[in-house]
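So the structure is just underneath, and the comments pick up after that.
The values are calculated or read from the model by the stated rules, or taken from the named source; none is laboratory data. Keep in mind that this is a model prediction, so the values were computed, not measured. Here Cβ is always computed from backbone atoms with ideal geometry, including for glycine, and neighbour counts include all displayed protein chains. For the accessible areas, the whole protein counts, side chains as well, though only heavy atoms, and no ligand, DNA or RNA atoms are used. Shrake-Rupley method; radii C 1.70, N 1.55, O 1.52, S 1.80 Å.
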Amino acid sequence: GTPDAPARLIGDAVDPDGLLTSVVRAQPFSVLLFDEIEKAHPAVLNLMLQLFDDARLTDARGSVVDFSHCVIVLTSNLGASSRAIRGFSGAGARDTSDVNRAIRDFFPPELFNRIDRTVRFEAIDIESAKAIVRKELARFVARPGLADRNTFVRYTEAVVDHVVDEGYS
């Protein structure tokens, strides 16, 4: 994040309409996604503290914007690099505590204590990836543009395997 990030979110003297405050003012029932929050400028974390504490922010015009009807989602890669490679040990519980520790170490305590829930995402396994590919291929071959032209597309399990091999990491 850059030092001007808070000004972009809540506005400044040059542009008093902040990206965040103007959107929430227009659509108070919103889901806000702050992606990769660990890359945010520290001043943005201060804004988050105010937002989580009061459920409102004051923009550069002096207007108070109510966030009490918003769901706020923060994504992060905190703790992702400390995860051990999984084997037969079943280290899932230890991984969760590692992630929680990394989050606790990153955020100031007053901000960490206002986070309601931490959800850890697992990598998609090969079988789930194949199921997703099958579903998307079924949607593709059922497209009206193909059916209207009497074009029939079929695929084999080898196609599913190839797509998963190319796209899975």
ask   = How many percent of the accessible area of the chain is carbon or sulfur, using a 1.4 Å probe?
value = 56
task = Please give the solvent-accessible surface of ILE126 in Å², to the nearest 10, using a probe radius of 1.4 Å with every protein chain present.
result = 70
key: Angle between the chain longest axis and helix 42-54 axis [Cα atoms, degrees, rounded to 10]   = 80
task = Give me the net charge of VAL160's neighbourhood, meaning all other residues with Cβ under 14 Å from the Cβ of VAL160; Lys, Arg count +1, Asp, Glu -1.
result = -1
request  = Report the one residue of LEU78, PRO42, ALA147 whose Cα lies farthest in the direction of the positive end of the charge dipole of the chain (charges on C-beta: Lys and Arg +1, Asp and Glu -1; origin at the Cα centre).
outcome  = ALA147
task = Counting only heavy atoms of the protein chains, get the accessible area per residue of the chain (1.4 Å probe) and round it to a whole Å² value.
result = 69
note = Along principal axes, largest first, the alpha-carbon spread of the chain in whole Å comes out as 60, 51, 27
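Restricting to Cα pairs below 8 Å that are 6+ residues apart, what does the relative contact order work out to for the chain? Please round to a whole percent. All intermediate terms of the calculation are to be shown ahead of the outcome.
Numbers: 160 pairs, mean separation 30.0, N = 169.
Worked out over the chain, it gives 18 percent.
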ask   = Okay, helix-only estimate at 222 nm for the chain: each DSSP H run of n ≥ 4 adds -39500 (n - 2.57), divide by all residues, round to 500 deg cm²/dmol; what do you get?
value = -13500 deg cm²/dmol
query = Angle between the Cα long axis of helix 126-141 and the longest principal axis of the chain, 0 to 90 degrees, nearest 10?
reply = 80
